[in-house]
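Heads up: the structure comes next, in structure tokens.
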Amino acid sequence: MRRDIFQAIADPTRRAIIVLIALQAMTPNAIADNFKTTRQAVSKHLRILTECELVKQEQKGREIYYSLEIDKMKEIDMWLEQFRKIWETRFNQLDNLLSTIKQPKK
């Protein structure tokens, strides 16, 4: 079954993993140390994130390091942009309404 990035980020553990590796690459054991779950469960989450191309693996010696695939995150940002524009418009409308209400009556 082909997964997409939105299925990957739907899980809170996977979102937490993304946050962890956003700044630096980490091994599966180092990632697992941050969760109250088994190493196997973290590996499953990493496999899903890898399948969705949100993280990439890099072999360094005997260790595998996982890091964030920034370009794939842009796909999420582009999807969210449409909602950002809607909310900005609504906030601007609210600002205008509040400004009108605050103006002293003559």
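Bear in mind these aren't lab numbers, they're just calculated from the coordinates by the rules spelled out. These figures come from a predicted structure and were not determined experimentally. For neighbour counting, all protein chains shown are included, and Cβ atoms are generated from backbone atoms with ideal geometry for every residue, glycine included.
Structure summary
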item: Formal net charge of residues neighbouring I70 (Cβ-Cβ distance under 12 Å; K, R +1; D, E -1); result: -2
item: ³J(HN,Hα) computed for each position of the stretch 75-84 - Karplus, 6.51 cos²θ - 1.76 cosθ + 1.60, integer Hz, glycine/proline x; result: 4, 5, 4, 5, 5, 5, 4, 4, 6, 4
item: Relative contact order for the stretch 12-89, counting Cα pairs under 8 Å that sit 6 or more residues apart, in percent; result: 29 percent
item: Label of the coordinate-derived value, Kirkwood radius over Cα pairs in Å, listed as [x] 16.3; [y] 16.6; [z] 14.0; result: [x]
item: 222 nm mean residue ellipticity, helices alone, for the chain (DSSP H n ≥ 4; -39,500 (n - 2.57); rounded to 500); result: -20000 deg cm²/dmol
item: ³J(HN,Hα), Karplus 6.51/-1.76/1.60, whole Hz, each residue of the stretch 25-34, x for Gly, Pro; result: 5, 9, 7, x, 5, 5, 5, 4, 4, 8
item: Dipole magnitude (debye, nearest 20) for the chain, charges at Cβ of Lys, Arg, Asp, Glu; result: 440 debye
item: Simple spin-label estimate for D33 and I9 in nanometres, 7 Å along Cα-Cβ; result: 2.8 nm
item: Dipole of the chain [Lys/Arg +1, Asp/Glu -1 at C-beta], most positive-end residue of M73, F83, I31; result: F83
